[in-house]
Amino acid sequence: MPPVPPPRTYRVKSFGCQMNVYDGERMAELLGQQGIAPAADGEQADLVVLNTCHIRERAAEKVYSDIGRLAKEWGRGDGSAPLIAVAGCVAQAEGEEIMKRAPSVSMVVGPQAYHRLPAMLADAVQGKRSVDTDMPAETKFDVLPARRKVGPSAFLTVQEGCDKFCTYCVVPYTRGAEVSRSFNSLIDEAEKLVDAGAREITLLGQNVNAWRDGDGRGLERLIEALAVLPGLARIRYTTSHPNDMTQGLIAAHRDVEKLMPFLHLPVQAGNDRVLKAMNRSHSVASYLAVLDKVRAARPDIALSGDFIVGFPGETDAEFADTIKLVEAVGYSQCFSFKYSPRPGTPAATMPDQVAPAVMDERLQRLQAALNVSQLAFNQASVGRRCAVLVERKGKLAGQWLGKTPWLQSAHFSGEVAIGDLVEVELVSAGANSLAARLV
Ligand code: SAH
Ligand code: SF4
Ligand code: F3S
């Protein structure tokens, strides 16, 4: 590639899960430290970072079309192509392949190596392309710059990677083994987030409830320590695995007032044979038993989950068990996906792959059931009084948007500011949001 002038502006676009959002923020801070400024809205950028997701085929394939499109849309002011970096889980999974398929890309960097972006950028400016998909022992968190300004609700990655190896999933390959960040570095980062404007912190991990302190204590220890930070009003965590839902963490839902009554606990399917084939290592009954304990600790808890329809071999009757489970639990919100075969995972080569039309039909039925459940949950909250954290302006003049303790979106009008915790009454409900009135 020909040498180019050093970039003055950047744009980072993140796809996929909240951990990618967090990584995207940290990469932006790193570029800021290099003296590169964020491109203003609608303006072109000298450097484009695509922070990608590999979880499903559509997401992964989209990267290649995005590279071409964004190179054009976000090109440099003089009409030349921007420098392009591909980061995230597609970078990790397909590093060299991206270099081959996309000659306009000059940097490919995995999720555990992005603190090395400045050095790669120095090469790229000289016309040298590079790939870094190492999972270095030195942790990126030790060398990343301090947090800058954040919104009222901030993310904090506490744990990365996964040792569970569900047979359909790429995460153990793209993010590596389960690693917990140290207690002290997390308290330090949380304090900085609060100083930078956060009122709510969501602790993140591919299996966040697998977080362990050096002395073996679990996530509740971190939650308890964060709860005493003045200025921090709310704590959340996501995503959890049913098998890591310990008694201590469940008790925190009873004992720690700042821990919000919301739990995202994916189950994936409602049939034991399917769960076994998925290598989920929990059954429907053991999952329900966890939910019972959580509800005993915190009766108003809102429950959420993830579902996959059309896992190889899933029969109509087995799928019907998923609908039964949804009806039994009464979720407040959920994500549901069609199974997507991922290269290198055991399920991709299992017999009896389910036909796309069957998956479509099952997804529709599941989403209809989830909608009923969600609407019922929201309608049952009408009349409740609660605090809402004001996060942004709504579409209508004078309207504000925020979240209830149960992670419902609420909209309302009145004299408030972003970052305020205001008391409201919930007055009417749809499947995806609630109208509220200040009290
Ligand atoms: N660690 C989390 C989930 C991470 S991935 C957990 O185990 O709960 C987020 C969601 O993507 C998963 O819960 C699953 O529902 C979905 N997913 C993962 N791999 C998938 C695949 N191959 N096809 C379709 N959905 C998938
Ligand atoms: Fe993927 Fe399973 Fe790990 Fe979740 S627990 S990240 S679904 S392998
Ligand atoms: Fe996607 Fe990687 Fe997150 S595959 S869901 S960005 S961990």
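Taken together, the values in this text are just the output of simple stated rules run on the coordinates, not laboratory data. Just so you know, these numbers come straight off a predicted model, no measurement behind them. Please note: Cβ atoms are built from the backbone with ideal geometry, for glycine as well, and neighbour counts cover all protein chains shown.
At least 2 residues being under 25 Å from ALA146 (Cα atoms) and within 12 Å of ligand 3 (Cβ to nearest atom) is the threshold, and among the helices (runs of 4 or more DSSP H) wholly inside the range 1-109 those reaching it are 18-33, 88-101.
Taken as a whole, the range 178-197 holds at least one residue that is out of contact with any helix residue (DSSP H, G or I) (no Cβ under 9 Å at 6 or more places or on another chain) and in contact (Cβ under 8 Å) with a residue 60 or more places away in the chain.
When the range 41-57 is filtered for residues that are more than 10 Å from ligand 1 (Cβ to nearest atom) and either in contact (Cβ under 8 Å) with a residue 12 or more places away in the chain or within 24 Å of the chain's Cα centre (by Cα) (or both), the ones remaining, listed by number, are ASP41, GLU43, GLN44, ALA45, ASP46, LEU47, VAL48, VAL49, LEU50, ASN51, THR52.
The set of residues in the range 264-323 that are basic (Lys, Arg), assigned to a helix (DSSP H, G or I) and more than 23 Å from THR349 (Cα to Cα) comprises LYS293, ARG295.
Filter the range 1-26 down to the residues that are more than 23 Å from ARG56 (Cβ to Cβ) and in contact with a strand residue (DSSP E or B) (Cβ under 8 Å, 6 or more places away or on another chain), then identify the one that is surrounded by the most Cβ atoms within 10 Å (Cβ to Cβ). Result: TYR10.
Taken residue by residue, the range 85-100 has no member that is in contact with a Pro (Cβ under 6 Å, 6 or more places away or on another chain) and either of a type in the set (Val, Ile, Thr) or surrounded by fewer than 19 Cβ atoms within 10 Å (Cβ to Cβ) (or both).
Among the residues of the range 227-248, those identified as within 16 Å of ligand 2 (Cβ to nearest atom) and either in contact with a helix residue (DSSP H, G or I) (Cβ under 7 Å, 6 or more places away or on another chain) or at positive phi (or both) are TYR237, THR238, THR239, SER240, HIS241, PRO242, ASP244, MET245.
Tell me, please, whether a residue that is within 15 Å of MET19 (Cβ to Cβ), within 16 Å of ligand 2 (Cβ to nearest atom), in a loop (DSSP other than H, G, I, E, B) and in contact (Cβ under 8 Å) with a residue 40 or more places away in the chain can be found in the range 163-172. So far as the range 163-172 goes, yes, one or more of its residues are within 15 Å of MET19 (Cβ to Cβ), within 16 Å of ligand 2 (Cβ to nearest atom), in a loop (DSSP other than H, G, I, E, B) and in contact (Cβ under 8 Å) with a residue 40 or more places away in the chain.
Please work out which residue is farthest from ligand 2 (Cβ to nearest atom), limiting yourself to the range 195-209 and to residues that are crowded, with 23+ Cβ neighbours inside 10 Å and not in a strand (DSSP E or B). Top of the filtered list is ALA198. Among the conditions (1) surrounded by 19 or more Cβ atoms within 10 Å (Cβ to Cβ); (2) over 17 Å from ALA357 (Cα atoms); (3) within 16 Å of ligand 3 (Cβ to nearest atom), ASP306 misses just one, which is (1). Kindly establish whether HIS264 is within 20 Å of the chain's Cα centre (by Cα) and within 21 Å of GLU25 (Cβ to Cβ). So HIS264 fits the description; yes. If ALA302 passes every condition in (1) over 22 Å from the mean Cα position of the chain (by Cα); (2) under 20 Å from ALA376 (Cβ atoms); (3) not acidic (Asp, Glu) but one, which one does it miss? Status for ALA302: all satisfied but (1). Residues in the range 325-383 that are touching a strand residue (DSSP E or B) at 6+ places or on another chain (Cβ under 7 Å) and either under 17 Å from ALA59 (Cβ atoms) or among the β-branched types (Val, Ile, Thr) (or both): 9 in all. Within the range 381-431, being buried (at least 16 other Cβ atoms within 10 Å of the Cβ) and in contact with a helix residue (DSSP H, G or I) (Cβ under 9 Å, 6 or more places away or on another chain) holds for THR404, TRP406, GLN408, LEU426, ALA429.
When the criteria are applied in full, LYS100 meets the requirement of being basic (Lys, Arg) and farther than 29 Å from PRO356 by Cα. Of the listed requirements (1) outside any loop (DSSP other than H, G, I, E, B); (2) within 16 Å of ligand 3 (Cβ to nearest atom), ALA251 misses just one: (2). If you go through the range 214-253 and keep only what is crowded, with 17+ Cβ neighbours inside 10 Å, over 25 Å from VAL150 (Cβ atoms) and free of Cβ contacts under 8 Å to residues at least 40 places away in the same chain, you end up with GLY218, ASP244.
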